[in-house]
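The values are calculated or read from the model by the stated rules, or taken from the named source; none is laboratory data. Note that the structure is predicted; figures quoted are calculated from it, not measured. Backbone-built Cβ (ideal geometry, glycine too); neighbour counts: all protein chains shown.
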Amino acid sequence: MANRPQPSFPEPDTQHFWDGCKAGELRYQTDSDGNVVFYPRGHSTVTGDRELSWNVSSGLGTVYTYSVVRQNRMPGFQELGAYAVAYIDLDEGFRMMSTIVGVDDPTTDISIGQRVKVEFEEQAGEDSYPIPVFRPV
Amino acid sequence: MAQERLAAIAGIHEYPLRVAPGVSSMQIKAESMKRALDDAGLDWGDVDGLYDALDGEGGGGLGLAAYLGIKPRLLDTTQVGGSSYEFHASHALRDIAAGRCNVAVTTYGSTAASMRVPIGTGGMGRGGASWQQNMEAPYGSTLISNYAMVAHRHMHEYGTTTEQLAQISVATRKHAMRNPEAVKAMTDLQFVKVDEITVEDVLESRIIADPLHLLECCMISDGGGAAVFVSPEIARDIKKKPVWIIGAGEATKYRENGGDITTSAGAQSAPAAYGQAGVTPDEIDIAMIYDSFSITVAVMLEDLGFCAKGEVGQFIEDGHLAFDQPGLTLNTDGGGLSSNHPGMRGLFLLLESVRQLRGESNSQVDGAKLAVAHGNGGLLGGTHTGGTVILAAD
């Protein structure tokens, strides 16, 4: 079971997103004009409008770019060995930071443009939030 | 358009040591201010404007004036990361032109090396609850990996190669070896090789975060310095020739849905600066660009208009960058890659620009008339600022 840093609360912008992860849903917002708002916020970044709708993503996306971290002095990551950090472009039009799992060697088995799908990685600790990560499809 | 001469840099100081145990960053700031005022022939009591980037123990407009013992009539605490000092120069141009102050200083002090601060590899996102930290902290992104993501995308879109990016490190090291303080820095920080390097050396150094190698990453040093900004009236009577601030631009950029990560805030700040200065990129002699990493320079060479987006690989191969080659000259002090990087390098971009335009550089370009100092603060592949300053010889 993974032991990634957990989101911290109270934090009103992202609470509903993380509640979605517990429900197995990758949630994102749209404003009344249909503009995608992500990362989650209390206002539309296009219009400033505060009337936003929540939607559930298909979880399918494309690797926009990535790096493989070989050196991280932060506790919890320094033992992992090489791991990927990536920006994923979801098919619904939002970009999120995440990681890519399920590859033998992240230095050779990940590529820009690769198709990936979200999954929710269970975390150690009682009542912890599962973390959305992506696996090649 | 006639260039206006509304504000100048009159004095500079670069703190010489990159490993300075037993000295506080506030002491570095105060000593650097005194020496920069001496360089200009101005006095401590002449200072009536204070810019600060909130560095040091209790800095900022609130804390630094008290430490220094001055009561300026203009206080500006602009903290936008490593480009803060380009923003300070921009604000000094605005404020001096408006008559709000006549002798202003910005100072910098850091003991990042002595304190063993893991700036690039320490991980980010343990700062408590925030909308952004909550979305990014679980993934273990480091500062270097953030910049590396820009490099990967640049290579993917435009075919840029590690060999091309490595040339930035090679040219910068060449300049560093001509700078005694940079040579001492690399010695004190125990660089494996204190000598000129080759593309092969860069490629053979270990990868820190794909695709960036160790020799594409700036050092972590102690250091600091100061710059004195003055009005044209003061500039007439200083010890050395003034270097004029003739244009400035500011911008920010961040992760956007569908955004282009290979274009930085510089693409917005640079045209504003050139426009105010009334100059074009092809007139620039010296480019002092924040070289946190090789890719930072590559992106900025494009965004500052020295070549089109995506063409920097060819631009580098065409042999620009070093001071003894024709065309644009880059980072003649040895840069963050090989001279100093205490965390916010923006100040040193101004200082070396001034040296070049005074004719005082260790890697002097004969007859240098125009320099651009461009700072990048924050994360190139995330939230960052760009500050562009155009400087002209007297």
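The table for this structure:
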| item | result |
| --- | --- |
| Filtered residues of the range A:34-79 (kept if surrounded by 14 or more Cβ atoms within 10 Å (Cβ to Cβ), hydrophobic (A, V, I, L, M, F, W, C) and part of a loop (DSSP other than H, G, I, E, B)) | A:PHE38, A:MET74, A:PHE77 |
| Residue list for the range A:80-130, restricted to those being under 23 Å from B:LEU379 (Cα atoms), assigned to a strand (DSSP E or B) and in contact (Cβ under 8 Å) with a residue 40 or more places away in the chain | A:ALA86, A:ILE88, A:LEU90, A:ARG95, A:MET96 |
| Any helices (runs of 4 or more DSSP H) falling wholly within the range B:74-170 and containing at least 1 residues that are at pLDDT 95 or above, at the interface with chain A (Cβ under 9 Å from one of its Cβ atoms) and crowded, with 23+ Cβ neighbours inside 10 Å | B:133-136, B:143-158 |
| Test for B:ASP95: is it farther than 22 Å from B:GLU181 by Cβ, out of contact with any Pro (no Cβ under 7 Å at 6 or more places or on another chain) and among the acidic types (Asp, Glu) | yes |
| Qualifying residue in the range B:219-241 (condition: away from chain A (no Cβ under 14 Å), among the polar types (S, T, N, Q) and touching an Asp or Glu at 6+ places or on another chain (Cβ under 9 Å)) | yes |
| Scan of the range B:364-391 for residues that are more than 27 Å from A:ARG95 (Cβ to Cβ) and part of a strand (DSSP E or B), ordered by number | B:LEU370, B:ALA371, B:VAL372, B:ALA373, B:VAL389, B:ILE390, B:LEU391 |
| Count of the range A:16-34 residues which are facing chain B (nearest Cβ under 9 Å) and without any contact (Cβ under 8 Å) to a residue 24 or more places away in the chain | 1 |
| Candidate set: the range B:49-73, residues that are surrounded by fewer than 19 Cβ atoms within 10 Å (Cβ to Cβ) and of a type in the set (D, E, K, R); chosen: the one farthest from B:ALA30 (Cα to Cα) | B:ARG73 |
| Residue in the range B:4-15 that is more than 22 Å from B:ALA98 (Cα to Cα), at pLDDT 95 or above and part of a loop (DSSP other than H, G, I, E, B) present | yes |
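Residue-wise test of (1) among the basic types (Lys, Arg); (2) at pLDDT 95 or above; (3) over 18 Å from A:ARG135 (Cβ atoms).
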| position | (1), (2), (3) |
| --- | --- |
| A:THR30 | no, yes, yes |
| A:VAL37 | no, yes, yes |
| A:THR62 | no, yes, no |
| A:GLN78 | no, no, yes |
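Yes/no per residue for (1) surrounded by fewer than 24 Cβ atoms within 10 Å (Cβ to Cβ); (2) within 23 Å of B:GLY120 (Cβ to Cβ); (3) at pLDDT 95 or above:
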site	(1), (2), (3)
B:ALA270	no, no, yes
B:MET288	no, yes, yes
B:SER292	no, yes, yes
B:PHE306	yes, no, yes
